[in-house]
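To start, the structure under review is shown below, and the notes come after it.
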Amino acid sequence: MFDVKALLAKTRGDRWIWLIIIMLSMVSIMVVYSATGAIAYRKGISVEKYLLFKHVIFVLLGIAMIYIAHLLDYKYYAGISKVLMIITLPLLLYTLVFGGQINGAARWVQVPLIGLTFQTSDLAKLALITFLARMLTKKQENIKDVKNAFIPIMGSVCVVFILIALANLSTALMLFGVSILLLIIGRISIKQILTVCAGGVVLLLFVVFLGPRRETYKSRINAFMHPEQQHSDKTYQADQSKIALATGGLFGKGPGNSTQRNFLPHPYSDFIFAIIIEEYGTVGGLAIVVLYLVLLYRCVRIVTRSPKAFGALLAAGLSFSLTIQAFANMAVAVGLGPVTGVPLPLVSMGGTSMIFTSIAFGIILSVSKDVEEHSTQKKKKVIIGEIPAMA
């Protein structure tokens, strides 16, 4: 028989993060249920059936992955990171050449036998962050050594950046930003960090002006900077999102009462935050913002309290990646940035994206579990040391 108490007893890590995970998962199911009505109708099936097989299963699987990932000692992820990087680089190359295309971007590959597709950039984010945390920890004693420390670190960042940026510039820029933050935390010198930034700028200019999606990037930037000068089809997504925001008001139209879900191209993924505000109002939108801010705060506490450099770097990289992605998605929905294909972590519909996001949360909780155990051991030592003095 399933023992809930035994399962909870084995659950470790920051309780606030667990609570945020559960709350975001519940919000996800409710909003995706509302946002997928039109697509379920077009496919000729009930929205309940579509939601169950396309989203609820992945939400539950994601929570299971969080639980499994948090049970594994985070130190093992140092070795796993090497394997992930060995897999990721050729996989990114394969995706550029043979991957499935959406809007002219080759981002997806199909998993043999099971038929599922996934974005290789999701795997690349996890691989690069864990690999950087490992390299920065391993090279701390000779972190200023250009040949043995700086070049391998810079090379891994720039190679992954260019391979992702050719098909998915927004994800590549966010990952590059997280990498720079890790380099700063990892005590890389300002001169070397500026060198990495210069290399990133050169690669960025190459992608924007010479890359295969240069016209798309130019069009989206122009639509964001000068919307009044663009044809309506260029600003369609942004316009429909703004309508959702404007009609949501303070408290929203209520669950399931969105109208813009019938007009937005991706109301269940890229623009799910607009649907949240339309149905739950400004209050609902602010509640989501607060959840991610609390998540960031709890993760920063884990980073500052971690006794090991690898744990601190790992938690910092993954938490910055998740929160930057969340605020990038929300910024696009409210018109503060050009349209991108960035999902809202743990909320947007997306099978393999949900899985990789869940693994990242599980690793953060694994670091948190180690922090708790270290703190408990430290208290025990203090108490034991005080006993003779009290006697």
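Read the figures in this text as sums done on the coordinates, not as results from a lab. What you see is a predicted model; the values in this text were computed from it and never measured. Here Cβ is always computed from backbone atoms with ideal geometry, including for glycine, and neighbour counts include all displayed protein chains.
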Round to the nearest 0.05 the FRET efficiency obtained for PHE53 and THR117 when R0 = 22 Å and r is the Cβ-Cβ distance.
0.90
Could you bin all the Cα-Cα distances of segment 77-212 into 5 Å bins starting at 0 and give me the percent of pairs in each, rounded to whole numbers?
2, 10, 20, 21, 19, 13, 8, 4, 2, 0
Can you pull the three principal axis extents for the Cα set of the chain, in Å, largest first?
78, 54, 44
For GLY256, residues with placed amide H under 5 Å, excluding near neighbours:
none
Other-chain or far-sequence residues with amide H under 5 Å of THR117's (modelled H):
VAL111
GNM top mover of SER353, SER241, SER46 - the chain, alpha-carbon springs below 10 Å:
SER46
Checked against a 22 Å limit on the C-alpha separation, the offending pairs among LYS49/LYS242; LYS75/LYS378; LYS82/LYS147; LYS82/LYS191; LYS125/LYS147; LYS75/LYS147 are LYS49/LYS242; LYS82/LYS191; LYS125/LYS147; LYS75/LYS147
Sequence gap at least 6, Cα distance under 8 Å: using those rules, report the relative contact order of segment 77-212 to the nearest whole percent.
22 percent
Read phi for every residue in segment 166-182 and hand back ³J(HN,Hα) as whole Hz from Karplus 6.51 cos²θ - 1.76 cosθ + 1.60, θ = phi - 60°, with x for Gly and Pro.
4, 10, 8, 5, 4, 5, 4, 5, 5, 5, 5, x, 5, 4, 5, 4, 5
Could you work out how far apart the two model spin labels at ILE29 and VAL208 are, taking each label as a point 7 Å from the Cα in the direction of the beta carbon, and quote it in nm?
4.3 nm
Residues of segment 330-348 with amide N under 20 Å of the 7 Å Cα→Cβ point at HIS226
336-339
Under the Karplus curve 6.51 cos²θ - 1.76 cosθ + 1.60, θ = phi - 60°, whole-Hz ³J(HN,Hα) for segment 18-33, x wherever Gly or Pro sits:
4, 5, 4, 4, 5, 5, 5, 5, 5, 4, 4, 4, 5, 6, 5, 4
Among LEU194, LEU183, LEU128, whose mean-square fluctuation peaks in a Gaussian network model of the chain (Cα, cutoff 10 Å)?
LEU194
Label point distance in nm, THR216-CYS197, each placed 7 Å from Cα along Cα→Cβ:
2.9 nm
Name the residues of segment 22-55 whose amide N is less than 17 Å from a point 7 angstrom out from the Cα of ASN257 along the C-beta direction?
31, 34-35
Report the calculated FRET efficiency for LYS138 and ILE45 (r = Cβ-Cβ distance, R0 = 45 Å), to the nearest 0.05.
0.30
Provide the net charge surrounding VAL208, with neighbours chosen by a C-beta distance below 10 Å and charges set as Lys +1, Arg +1, Asp -1, Glu -1.
+3
5 Å is the cut-off here: which amide hydrogens, built 1.01 Å from N in the peptide plane, fall below it relative to GLY13, excluding neighbours closer than 5 in sequence?
LYS369
What distance in nm lies between label points placed 7 Å from Cα along the C-beta direction at TYR76 and ARG187?
2.9 nm
Hey, got the dipole for the chain? About the Cα centre, +1 on K and R Cβ, -1 on D and E Cβ, debye to the nearest 20?
880 debye
